[in-house]
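See structure below.
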Amino acid sequence: MQRIILHMDLDSFYASIEEKRKPEIAGKPVVICVFSGRTADSGAVATANYKARELGIKSGMPIMLARKRANSETVFLAYDIEFYREVSDRIMDLIETECDILEQASIDEAYMDVSLKAGSFENAARIAERIKEIIREQEGLTCSIGIGPNKLIAKMAGKMKKPDGLTIVREREVAAFMEKMPIEKIHGIGKKTAELLNDLDIKTADDLAKSSLLILEQRLGKNKARLMQDKARGIDDSPVEQRVAQQISRMKTLAEDSDDIETIYSTMRAMSPDIRKKIQKKQATFRTVSIITIDSKLETQTRSETISQTDDVELAMAAARSLLSKWLDENKGRKLRRVGIRVSNLEYGRKQKSLGDFL
Ligand code: DCP
Ligand code: CA
Ligand code: CA
C-alpha cells in the first residue's frame, strides 16, 4: 500500500497566538522575545510575524538587534510558553482524529499518516483543507501543510509555500522535486555536513545522489553516508510514530479576576471531567500535579506537588487545592485571571491495583 504522509506546521506560531489574543496589535509587526532579564533588552527573539520578518527580524536574533531593525509600529512582547503549550495541545487534540496516526514533532508541528483514511493523494488534499479549516475556525490560526509519500518529502513540501500553504508531492514527482534542491535545504542535513559536502563540490540533492558512496563513506562514515544519499533521493522509510503525551493539562479564564479560593477552585473543578476523560482514554497514571496561575498582570507561575502514582483525578484536585491555597497566601493583593491544572510524569498501561484485586 502506498504511504501518504501530511506534515502540518503552524505559521509564525507564538506571534500569531499573540495577535489572536490581542486584536489591537493585529496587522503590526510583532516580535516575541525571551527576555533574559539581565538588562532591559538582553535576550533573544523567539519568533517574529511575517510583517516583522520583512524588516529583517527573525528567530534567534538578539533583541537589541531586532530593536534596531524595528519601525515605530513594531510591537515587542515577552513570550508566554504556558499559554502557547495550551494552544498547541488543543490543536493536536483537534487534528488527531483526522488521521490514522499523529506524531507531534515540536510545539507547532506534527506528522500525520493518512494512508488508510485517505487512500489517495486527492483525498489527502481534502483532509489537509479540512485540517486548515478546523484550526482557522477553532483557534483563528493558519498553518502550512505538505503532503508526500514519506515524512521527509512531506516536511520539505510544507516549506515550499508559507504562510497558509498546501503543497503536494506525489511519488512520481519526488525525483523532480529533489533534483535541484540545495543540500542545505534537505531536512536532516546539518550545517556541518552540508559544508563538508560542499567541499566535495556536492551542491544539490542530485549531486549527492550521484556521488560515489565510497567517497561519502570515507568522509561521513558508513551509516551516515547511506542515510544522506537516501535523503538526497527523497527516500525515507521511517514510520509516523504516535508519541505518548508526557502531560495532560487544561486552562480556563475566570469569569472575573479573583483571589477567592472557592471561586478559583470551582473553576479548577470544572476542568476535572476533561482531565479524567483524557486519563481514561490514554489509560495513564500520573505522579505530579501542577497548577498554573496567571494573574491580572498576565504574570505566569507554576507550582507542583508529587504524589504517589495514581489515576485518581480526585487526588489531583486535592493537591491542586492545597497548591492554590499556598499561592494565595504567598501572593496577597494579587488576583488571578486564568488558572490551569496539569498532571504529568505519566505512565501508561500499568493499571493500578483496585480494591477488586485484593478480594
Ligand atoms: N522558536 C523559538 N526559538 C527559535 C525558533 C523557534 O522559541 N530559535 C519558537 C517560536 C516559534 C515556534 O518555536 O513560533 C515554532 O518555530 P518555527 O520554526 O515553526 O517558526 P514559526 O512558527 O514562528 O514561523 P514559521 O511560519 O516560519 O513556521
Ligand atoms: Ca511554524
Ligand atoms: Ca515548526
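Please treat every number below as a calculation from the coordinates, not as lab data. Being a predicted model, the structure only gives us computed values, none of them experimental. Neighbour counts are summed over all protein chains in view; Cβ atoms, including those assigned to glycine, are modelled from backbone coordinates with ideal geometry.
Between R126 and L77, the distance separating the two model label sites (each 7 Å from Cα on the Cα→Cβ line) works out to 3.7 nm.
Taking 0.36 nm per residue of sequence separation and removing the Cα-Cα distance, the L213/M61 pair yields an extension gain of 50.9 nm.
A Förster radius of 25 Å, combined with the Cβ-Cβ distance separating K162 from E137, puts the computed FRET efficiency at roughly 0.80. State whether the stretch 180-232 is rounded, prolate or oblate according to the following rule on the C-alpha gyration tensor (a ≥ b ≥ c being the square roots of its eigenvalues): a/c under 1.5 gives rounded; otherwise a/b larger than b/c gives prolate, and the remaining case gives oblate. Rounded shape, in that the Cα axes give a/c under 1.5. Estimated at 0.36 nm per residue, the fully extended path between A318 and L200 surpasses their Cα-Cα distance by 36.2 nm. For the stretch 247-352, lysine pairs separated by 8 or more sequence positions, or belonging to different chains, with Cα-Cα distances below 18 Å total 11. The largest-to-smallest principal axis extents of the Cα set in the stretch 110-207 are 48, 29, 17 Å. Here is the size of the chain from its Cα atoms: Rg then Dmax, 23.8, 73 Å.
A simple count of charges around R233, restricted to other residues whose Cβ falls under 13 Å of its Cβ and scoring Lys, Arg +1 and Asp, Glu -1, yields -4.
Helical content alone sets the calculated 222 nm signal of the chain at -12000 deg cm²/dmol, taking -39,500 (n - 2.57) per DSSP H segment of four or more residues and averaging over every residue. Quantify how much of the Cα-Cα distance distribution of the stretch 247-352 extends past 18 Å, in percent. Roughly 43 percent, once rounded to a whole number.
Basic side chains Lys and Arg get +1 at the Cβ, acidic Asp and Glu get -1 at the Cβ, and with that the dipole of the chain about its Cα centre reaches some 480 debye. Taking label points 7 Å from Cα along the Cα-to-Cβ direction, E171 and E262 give a separation of 6.6 nm. Peptides 113-125, 9-21, 66-78, ordered by how many other C-beta atoms sit within 10 Å of their residues on average, highest first, read 9-21, 113-125, 66-78.
Toward the positive end of the charge dipole of the chain, with +1 on the Cβ of Lys and Arg and -1 on the Cβ of Asp and Glu, the farthest Cα among T253, G158, L208 is that of L208. Springs between Cα atoms under 10 Å define the GNM used for the chain, and in it the highest mean-square fluctuation of Q104, Q229, Q280 occurs at Q280. Counting Lys and Arg as +1 and Asp and Glu as -1, what is the net charge of the other residues whose Cβ lies under 9 Å from the Cβ of E109? Net charge in that neighbourhood comes out at -1. Straight-line cross-link reach from K185 at under 19 Å between alpha-carbon atoms covers these lysines, not counting any fewer than eight positions away in the same chain: K58, K151, K155, K159, K161, K162, K203, K210, K224, K231.
For the stretch 2-82, what does the alpha-carbon gyration tensor say about shape, rounded, prolate or oblate, given a ≥ b ≥ c as the root eigenvalues, a/c under 1.5 as rounded, and a/b over b/c as prolate? Here the stretch 2-82 falls in the prolate category.
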